[in-house]
Amino acid sequence: MKIKLLSTLLLITFASAFAQQAANRPTVVAGFPVNYNEDSVGTYTLPELLKTADGKPVTTARQWTEKRRPELLRLAEENQFGKMPPKPKDLSFHAFDDGTPAFDGKAIRKQVTVYFTKDTSEHRMNLLIYTPAKAVKPVPLLMNISFTAYNQIIDDPGLRVGEIWNKEGKKVKADKPTPFGKLNVEQFIDAGIGFATVYYGDIEPDFKDGLTHGIRKTYLKPGQTEPAADEWGAISAWAWGLSRAMDYFETDRQIDTKRIALQGASRLGKTVLWAGIRDPRFKMVIASISGEGGAALARRNYGETIRHISDPSRYLYQFAPNYHGWAGRVNDMPIDAHMLVALMAPRPLLLQTGSTDYWSDPKGEFLSAVAAAPVYRLFGETAPSTSATMPAAGDTALLMNRLGYFMHEGGHTVLPEDWQLFIRYMQKYL
Ligand code: GCU
C-alpha cells in the first residue's frame with residue numbers, strides 16, 4: 001500500500017515537472033495554423049502611444065495621465081475586455097476565520113467570505129490572507145488569483161475546503177489533489193510580505209456558458225441573455241472580483257493598502273494586468289505568461305493570435321464580444337498590447353515569460369515592453385531601452401526595471417525560483 005502511494009506520488013511529481021518544462025507549441029488551433037517561424041511573423045506598425053486621438057503629441061506625464069491614458073483605457077475596454085460595473089452596493093464581508101496562528105505561529109491567517117450580492121447563497125468568494133505574525137505595522141501584500149481552491153495549493157490544515165467547477169460544469173468539493181503544485185507561502189512571510197489568494201471560479205466559472213452561473217449573470221438587464229458587444233467578458237469579471245478583494249483590504253488594518261501587488265498566470269496573467277490597469281489602488285502587477293490578449297503584441301503573427309483566442313469555440317467568452325471583430329484584421333485594431341503595458345505606468349509592472357512557451361510568444365511580450373517604455377520614461381521611471389536585445393532564458397538584466405521583464409528557462413508555468421524573483425522585485429518597488 002505504502003509503495004503504491006509512493007510510486008503514485010512520484011509519478012505525479014514527475015508528470016508535473018515534465019508538464020512544466022514541455023514546450024507549449026500546438027500547430028493547428030480552432031482550425032487555424034499557428035506560426036512559430038520568425039520569418040513569417042509579418043510586418044506591422046503599432047498604433048501610436050504618444051499621440052492623442054485628435055493627433056496632438058503627448059510629451060509630458062501630465063498629458064499622458066489626463067488625456068491619453070483615459071482614451072486608451074476606453075479603447076481597451078470597448079475592443080478587448082469589456083466594461084465592468086462599479087462596486088456593488090450590497091457588497092459585504094464575513095471573516096469566518098478572523099486571525100489564527102499558522103505555519104508554526106509565523107503567520108496570522110484569515111479567511112473571509114466576500115459576498116457580491118445581497119442574496120448570500122450564491123456569488124461569494126473566499127479570500128485567504130496570511131500576514132507575518134511579527135509585523136508591528138500594516139504589511140505589504142501579494143494578491144494572487146488561482147485556478148483552484150486555496151486548500152488544494154497550500155499546505156495548511158486550517159483551511160476550509162472550497163468548491164470548484166468540474167469539467168462538466170458542476171460545482172464540487174475541492175477535496176482532491178490537483179496538477180497545479182503547491183505554493184510556498186512561508187517564503188513571503190519570511191520576507192515580511194503578506195499573501196492572499198482567491199479561486200477565480202468563485203467569481204465566474206471558466207467555461208463558455210459560465211455566464212449563466214457567474215457574477216455577470218446578475219448584471220444582465222431584463223431580456224438580455226449575454227453582455228453587449230462592449231461589455232465584460234470573464235477576464236473583466238475576474239478582474240472585478242480582485243477589486244472586491246481590495247475593497248475588503250481597505251477595511252483590514254493589518255494590511256497596507258498602498259502596497260498591494262497582484263499576480264496571476266496565463267489567462268489569470270491577462271486578468272491581473274487588466275485588473276491593475278482598471279483599479280489604480282493596486283500598486284504593482286506581476287503578470288506571468290500572459291501571452292495573447294495579455295502582454296504579447298497581437299500584431300505579431302507568432303503563437304496564439306486573436307483569431308485563435310477569440311474563436312467562439314475557444315475563449316471568446318473571456319473577452320468583450322467586440323474583440324472577435326479584430327480576428328481577421330488585427331492591423332486595423334486601434335490598440336495593441338504595448339498600450340496595455342503602458343496603461344500601468346508609472347506603477348511597477350513585471351512581465352514573466354518562459355523560453356519554451358512558444359504559444360504565448362515570450363518575444364512578443366518583450367517587444368511590447370520595449371514599445372511601452374517611452375511612457376515609463378515620461379515619468380522618469382526605468383524600462384527597457386529602445387536598443388535592448390531580447391534577454392536569454394534566465395537572464396535577469398531587465399528584471400529590476402520598474403517596467404520589468406524576465407524569461408525563465410522552461411515552459412508555460414511559474415517556477416519555484418520565479419517566486420523568489422517576484423519577492424526581490426516586490427522588495428524593491430513596494
Ligand atoms: C490557452 C489559451 C491562452 C491562455 C492559456 C492559459 O492556452 O490559448 O491564451 O493564456 O490557455 O490560461 O493557460
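The values are calculated or read from the model by the stated rules, or taken from the named source; none is laboratory data. Bear in mind that the values here come from a model prediction, so they are computed numbers and not experimental data. Cβ placement follows ideal geometry from the backbone for every residue including glycine, while neighbour counts extend to all protein chains displayed. Surface areas here come from the heavy atoms of the whole protein model, side chains and all, with no ligands, DNA or RNA. Shrake-Rupley method; radii C 1.70, N 1.55, O 1.52, S 1.80 Å.
Assorted remarks:
- Close Cβ contacts (under 8 Å, 6 or more residues apart or on different chains) running from residues in the range 287-299 that are aromatic (Phe, Trp, Tyr) to residues that are within 9 Å of the ligand (Cβ to nearest atom) and at pLDDT 95 or above are absent.
- Selection status of Tyr317, over 18 Å from the mean Cα position of the chain (by Cα), within 14 Å of the ligand (Cβ to nearest atom) and outside any strand (DSSP E or B): no
- Within the range 246-259, the set of residues being surrounded by fewer than 24 Cβ atoms within 10 Å (Cβ to Cβ) and either within 20 Å of Ser360 (Cα to Cα) or not aromatic (Phe, Trp, Tyr) (or both) comprises Met246, Asp247, Glu250, Thr251, Asp252, Arg253, Gln254, Asp256, Thr257, Lys258, Arg259.
- Only one of the numbered conditions (1) surrounded by 23 or more Cβ atoms within 10 Å (Cβ to Cβ); (2) part of a helix (DSSP H, G or I) is not met by Gln187, and that is (1).
- One residue alone among Leu242, Leu268, Leu273 is part of a helix (DSSP H, G or I), within 21 Å of Val198 (Cα to Cα), within 11 Å of the ligand (Cβ to nearest atom) and not polar (S, T, N, Q), and that residue is Leu268.
- As for the range 215-228, it holds at least one residue that is over 20 Å from Ala345 (Cα atoms), touching a helix residue (DSSP H, G or I) at 6+ places or on another chain (Cβ under 7 Å), assigned to a loop (DSSP other than H, G, I, E, B) and open to solvent by 10 Å² or more (accessible area, probe 1.4 Å).
- Looking only at the range 346-365, and only at residues there that are open to solvent by less than 10 Å² (accessible area, probe 1.4 Å) and more than 16 Å from the ligand (Cβ to nearest atom), the one that is farthest from Ala22 (Cα to Cα): Pro348
- Filtered residues of the range 329-345 (kept if within 16 Å of the ligand (Cβ to nearest atom) and open to solvent by 10 Å² or more (accessible area, probe 1.4 Å)): Val330
- Only residues that are open to solvent by 20 Å² or more (accessible area, probe 1.4 Å) and not hydrophobic (A, V, I, L, M, F, W, C) were counted across the range 201-213, and they come to 6.
- Residue match in the range 211-228 (condition: within 26 Å of Arg74 (Cβ to Cβ), within 16 Å of the ligand (Cβ to nearest atom) and under 19 Å from the mean Cα position of the chain (by Cα)): no
- When we screen Ala388, Ala295 for residues that are more than 16 Å from the ligand (Cβ to nearest atom) and under 26 Å from Asp39 (Cα atoms), the only hit is Ala388.
- Against the criterion of being touching a Gly at 6+ places or on another chain (Cβ under 7 Å) and either in a strand (DSSP E or B) or over 18 Å from Gly264 (Cβ atoms) (or both), Ile164 qualifies.
Condition check ((1) in a loop (DSSP other than H, G, I, E, B); (2) within 13 Å of the ligand (Cβ to nearest atom); (3) among the aliphatic types (A, V, I, L, M); (4) within 20 Å of Pro348 (Cα to Cα)) across all residues:
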residue	(1), (2), (3), (4)
Arg253	yes, no, no, no
Lys258	no, no, no, yes
Gly264	no, yes, no, yes
Gly303	yes, yes, no, no
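- Here Lys182 meets each of (1) under 21 Å from the mean Cα position of the chain (by Cα); (2) of a type outside the set (Asp, Glu); (3) part of a strand (DSSP E or B) with one exception, condition (3).
- Selection within the range 318-342 - over 28 Å from Thr225 (Cβ atoms) and of a type in the set (A, V, I, L, M): Val330, Ala337, Met339, Leu340, Val341, Ala342
- Just one of the listed residues (Tyr317, Tyr323) is under 16 Å from Gln80 (Cβ atoms) and open to solvent by 10 Å² or more (accessible area, probe 1.4 Å), and it is Tyr317.
- In the range 265-285, the residues that are basic (Lys, Arg) form Cβ pairs under 9 Å with partners that are within 16 Å of the ligand (Cβ to nearest atom) and open to solvent by 10 Å² or more (accessible area, probe 1.4 Å), at six or more places apart or across chains, as follows: Arg267/Phe147; Arg267/Tyr200; Arg267/Asp206; Arg267/Tyr315.
- Asp311 vs. criteria surrounded by fewer than 24 Cβ atoms within 10 Å (Cβ to Cβ) and closer than 22 Å to Ser360 by Cα: yes
- Arg377 meets the stated requirement of being open to solvent by 20 Å² or more (accessible area, probe 1.4 Å) and either over 29 Å from Leu183 (Cβ atoms) or among the aromatic types (Phe, Trp, Tyr) (or both).
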